[in-house]
Structure formats: structure tokens, C-alpha cells
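In what follows, a structure is listed as C-alpha cells, so that the remarks can point back to it.
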Amino acid sequence: QVQLVESGGGLVQPGGSLRLSCAASRSSGSFIGMYWYRQAPGKERELVAGISSDASTTYVDSVKGRFTISRDNAKNTLYLQMNRLKPEDTAVYYCHCLTRLNAYWGQGTQVTVSS
């Protein structure tokens with residue numbers, strides 16, 4: 001069983017930055033895709049960003065130019081650098097990783113953007 005542990009969430013003012021981390025209990029090089037999702041109160045969970053094994057990336061339109069997803073396979077860790085944060089970015093952020101046979105979720109980390 002693979003464990004994913006997110007960290008780095010917190011309270012930040014609008015315009016501020018946070019970096020989320022997702023540490024995996026197995027080699028992240030085995031994941032064919034690694035993703036960040038988020039879920040705001042009363043809303044469905046949405047894909048925020050993804051990165052494949054060849055390092056190609058994808059972003060939801062609302063975060064393009066502000067968020068950057070990256071992976072460090074030597075540290076078995078996925079990152080999400082979030083800049084110029086807005087109140088509408090407030091949500092629980094989840095790490096999601098895929099192998100060819102399985103899918104795994106972290107427990108989530110709360111990000112709150114408020115003055």
C-alpha cells in the first residue's frame with residue numbers, strides 16, 4: 001500500500017505564496033502520473049495540475065501562470081508552487097498518484113487565502 005502525505009498548507013493573504021509537498025512512501029519514479037486536486041466547500045473536487053513521467057504538465061485555466069507543478073523522483077516528492085494566491089483558491093488540496101494498476105490519494109491539506 002502506498003501512502004501519500006501532503007504538507008505545506010495554511011493561511012495566507014491574497015497575493016501571497018505557498019508551496020505544497022506530497023511525500024510518497026514508494027519511488028515516485030514508478031508513478032505514470034502525479035496530480036494535485038482541490039475541493040472547496042460545497043463544490044466538486046477539481047483537477048488543478050498534473051505532471052506525467054516524462055515531465056509534461058497540465059493546469060486548469062484558473063491557475064495557469066500562477067501555479068507550478070514539479071516532481072523530484074530522488075526525494076519521492078511532488079510539489080505545487082502557488083503564487084499570487086486568490087481567495088477563490090481556498091480549498092483542501094489533495095495529492096493523487098497513478099501507477100499502471102492503482103490509484104492513490106493523500107489525506108489533503110487545507111489552503112485558506114484570506115485577509
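The values are calculated or read from the model by the stated rules, or taken from the named source; none is laboratory data. Quick caveat, the model's predicted, so the values are computed rather than measured. FYI the Cβ positions are ideal-geometry reconstructions off the backbone, even for glycines, and counts take in every protein chain you see. Please note that ligands, DNA and RNA were not included when accessible areas were found on the heavy atoms of the full protein model with its side chains. Shrake-Rupley method; radii C 1.70, N 1.55, O 1.52, S 1.80 Å.
Of the trypsin sites (Lys or Arg not before Pro) in segment 16-53, the ones in a loop by DSSP (not H, G, I, E or B) with at most 10 other beta carbons within 10 Å are LYS43.
Of the residues VAL92, VAL60, VAL12, the one that moves most in a GNM of the chain with alpha-carbon contacts below 10 Å is VAL60. Across TYR104, TYR35, the residue with the most accessible area heads the list, and the full order at a 1.4 Å probe is TYR35, TYR104. Shown for the chain: cysteine residues without a partner Cβ closer than 4.7 Å, namely CYS97. If a/c stays under 1.5 just call it rounded; otherwise compare a/b with b/c (prolate if a/b is bigger, oblate if not). Do that for segment 69-109, with a ≥ b ≥ c from the square roots of the Cα gyration tensor eigenvalues. Note, shape of segment 69-109 comes out oblate. Solvent-accessible surface of the chain, taken per residue with a 1.4 Å probe and all protein chains present: 53 Å².
Full extension of the segment from THR57 to VAL5, taken as 0.36 nm per residue of separation minus the current Cα-Cα distance, would add 16.6 nm. The portion of the accessible surface of segment 35-77 made up by carbon and sulfur, rounded to a whole percent, is 46 (1.4 Å probe; DNA, RNA and ligands excluded).
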